[in-house]
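Peer 1: Let me give you the structure first, and then I'll get to my questions.
The values are calculated or read from the model by the stated rules, or taken from the named source; none is laboratory data. All of these numbers come straight from a predicted model, not from anything done at the bench. Glycine also receives a Cβ, built like all others from the backbone with ideal geometry; neighbour counts cover every protein chain displayed. Keep in mind that these areas ignore ligands, DNA and RNA; they rest on the heavy atoms of the full protein, side chains included. Shrake-Rupley method; radii C 1.70, N 1.55, O 1.52, S 1.80 Å.
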Amino acid sequence: MHGESRRQREPDGRFVLIRREQFFGQEQTMAASLEKVREIAERVAQSSGLAVVDIELLGGGKVRMLRIFIDKPDGVTHEDCSSYSREVGTIFDVEEAVPGTSYLLEVSSPGLDRKLSKPADYQRFTGSLVKLMTRDPVNGNRHFEGRLKAFHDGRLSLELTGRKKSKKHQEVEAGTEVEIELANVEKANLVPEF
């Protein structure tokens, strides 16, 4: 078992610490492994005053990448990513939580255009500008951009920024409010405001 790390700054300003780990352990199913990885990642984050925003396990065979996005109320620093990477990487190796023989561990902040997935994300970012896509059309549209006005009882309320009619989209007047069920949201991200 051995590891190496390198620091990288992404074009969007996120700090990323990339750590390559190699160990030899038993093969496990991906679903069970990802659940174990999530449990360990959240346990380590909580002990450090951080929150796990998302986890991605990409690739297969010898070219696999485990991405963990962490956050805290005041934002994440490079030192947060570095410390967290060392702690969680060690535990992954000791508990042989990541299946296979090697993986690349990347720990970073979720970025300015962070993904919204949990109900707590929508509560936290009420008042922010968001862009989302629904599974099923709402008022003839599946793509929306607007200010998140409220989130309660599994429904979010958006004040739309407006859009002209196109081949793909209906016209939407600025200031129009729409309510969308969280269960109908396929993908949602914050829109950076400068």
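Peer 1: Is it true that K118 is open to solvent by 60 Å² or more (accessible area, probe 1.4 Å) and more than 15 Å from A183 (Cα to Cα)?
Peer 2: So K118 does not fit the description; no.
Peer 1: Within region 121-150, how many residues turn out to be open to solvent by less than 80 Å² (accessible area, probe 1.4 Å) and in a helix (DSSP H, G or I)?
Peer 2: Residues in region 121-150 being open to solvent by less than 80 Å² (accessible area, probe 1.4 Å) and in a helix (DSSP H, G or I): 2 in total.
Peer 1: Which residue, of D74, D113, is assigned to a loop (DSSP other than H, G, I, E, B), modelled with pLDDT under 95, within 20 Å of V185 (Cα to Cα) and open to solvent by 60 Å² or more (accessible area, probe 1.4 Å)?
Peer 2: D113
Peer 1: Among the residues of region 20-41, are any buried (at least 21 other Cβ atoms within 10 Å of the Cβ), at pLDDT 85 or above and not in a helix (DSSP H, G or I)?
Peer 2: Among the residues of region 20-41, not one is buried (at least 21 other Cβ atoms within 10 Å of the Cβ), at pLDDT 85 or above and not in a helix (DSSP H, G or I), which makes the answer no.
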